[in-house]
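Asker: Below are the structure tokens for one structure; questions will follow.
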Amino acid sequence: MESLAPIKKLQINPALDLLEDCAELAETSNLFEALGDDGTLLCLVCEEKKPGWKATLTRSLLRELRPFSLSVHSLEGDVVLQLSRPFRFLRPEVFVSDNHGKPIGSVRKDLSGLNKASFSVRDFDGDLLLTLAPHEYRCDVYCIRSEKGKLGELERRLQSSLVEKLSNTETYILSFPKVSSLQQKTLLFAAVFLIDGLYFSARGN
């Protein structure tokens, strides 16, 4: 995901305009867009919705625990990244690989805390790289930390317009000014979708 290399701040939100333009796509996919520091579109993230009553029932029953697979597409339409979350009752985890299926790493929910737990960002060998821990005073913010200290934040913001509020959509602001590793940036990008699925998107979508 080379487009993340120079980026210090990402905005990730549902691609509402694209879904409105293509009703067929809206019925089969959840679509997100990632914007760079200056608002430039960097990539699109697509979660395919499996058709059929079994898939619908699984989504409805498991809700925030449901498994998912997402593909990250370049502006040219090529798949550049793959995200996969298998079903796990405890310690849910999203695995990240490149377009050839080569593992990059994973993001895992830690078994700590009764409400919002911390998350660990790990490389493909399972070694700890970073942690995301809930902010002490702000409920919609996670602090990104390494052994060297705080490196950035992940913040959830509700959309501002009335229509967007009624649709219950969110924007995520991922700021990592002190993160230089492309691998770590890519994994933090993936962490957004795990955290969103666990805490903010349990609404049957």
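Throughout, read-outs are computed from the coordinates displayed, never taken from laboratory work. Note that the structure is predicted; figures quoted are calculated from it, not measured.
Asker: Per 0.36 nm of contour for each residue apart, how much would the distance between Ser74 and Arg145 grow if the chain were fully extended, relative to their Cα-Cα spacing?
Answerer: Full extension from Ser74 to Arg145 adds 22.7 nm.
Asker: For Ser118, list long-range residues whose amide hydrogen, built 1.01 Å from N in the peptide plane, is under 5 Å from its own amide hydrogen.
Answerer: For Ser118, whose amide H was placed from the backbone, the distant partners under 5 Å are Asp110, Ser112.
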